[in-house]
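One structure is given below, encoded as structure tokens.
The values are calculated or read from the model by the stated rules, or taken from the named source; none is laboratory data. The model shown is predicted, which means the values in this text are computed figures rather than measured ones. FYI the Cβ positions are ideal-geometry reconstructions off the backbone, even for glycines, and counts take in every protein chain you see.
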Amino acid sequence: MNAQVLVLNQNYEPLNVCNVKRALVMVITGKAEVLEQNGLVLHTIDDDYRAPSVIRLAALIKRPRPQVKLTRREVFIRDGYACQYCGVRTRDLTIDHVMPKSRNGPHTWENLVSACKTCNHRKGGKTAQEARMQLLREPFRPRAGAYYTIQRKLNQSLQEEWAKFIPGFEPLNSYSSLSYGGDD
Ligand SMILES: [Zn+2]
């Protein structure tokens, strides 16, 4: 019952993931149809059900595009896991305040960048200019792409039957940078 079910909008856009029980309730009440099953069989008092793996909503749901949450990991993803001063790609990244915290630099997308330890140490409490360093690009607030929510809920456990419904899916742990706005 703990298996995840991929929920597609009526237009086949991936919306969410939910558990099998919730998916079955939606199917039984006519709110969704089953597109894929994964072979698991659920036994209830009345009947046996094959567990859905992918369901599609009967009605189109409109929802606002989600905001990308400002976290360390999201800053690294936005920056493609590359130090924004020297360009080195590494897992061993830190967060640098472009305008240093000690000078009231804010905790915002526009003031936070990924930096390798060497660059962060070199920059210290200075501005980039004072430290004679240069940002590779101006930091920005990323836009969430169509698959933003789903990619972060999947937690890298992409089920085989789901792949065709999630074009361009990339496990979060890969080094490649995710696109935020290019797919809509
Ligand atoms: Zn660096």
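Would you mention how many residues in the stretch 84-101 are surrounded by 19 or more Cβ atoms within 10 Å (Cβ to Cβ) and either small (Gly, Ala, Ser) or within 20 Å of the chain's Cα centre (by Cα) (or both)?
Total meeting the criteria: 1.
I want to confirm something. Restricting to the stretch 112-125 and keeping residues that are at pLDDT 95 or above and farther than 15 Å from Arg73 by Cα, which single residue is surrounded by the fewest Cβ atoms within 10 Å (Cβ to Cβ)?
Per the stated criteria, the residue is His121.
Let's see how each residue does on (1) within 16 Å of the ligand (Cβ to nearest atom); (2) assigned to a helix (DSSP H, G or I):
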site	(1), (2)
Ala23	no, yes
Glu36	no, no
Arg50	no, no
Arg63	no, no
Gln84	yes, no
Arg91	yes, no
Ile95	yes, no
Lys126	yes, no
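Does Gln10 meet the test of being more than 30 Å from Asn111 (Cβ to Cβ), assigned to a loop (DSSP other than H, G, I, E, B), more than 19 Å from the chain's Cα centre (by Cα) and among the polar types (S, T, N, Q)?
Considered against the rule, which asks whether it is more than 30 Å from Asn111 (Cβ to Cβ), assigned to a loop (DSSP other than H, G, I, E, B), more than 19 Å from the chain's Cα centre (by Cα) and among the polar types (S, T, N, Q), Gln10 comes out as yes.
So, Ala82, is that one at negative phi and assigned by TED's automatic domain parsing to the domain that holds Val113 or not?
Yes, satisfied.
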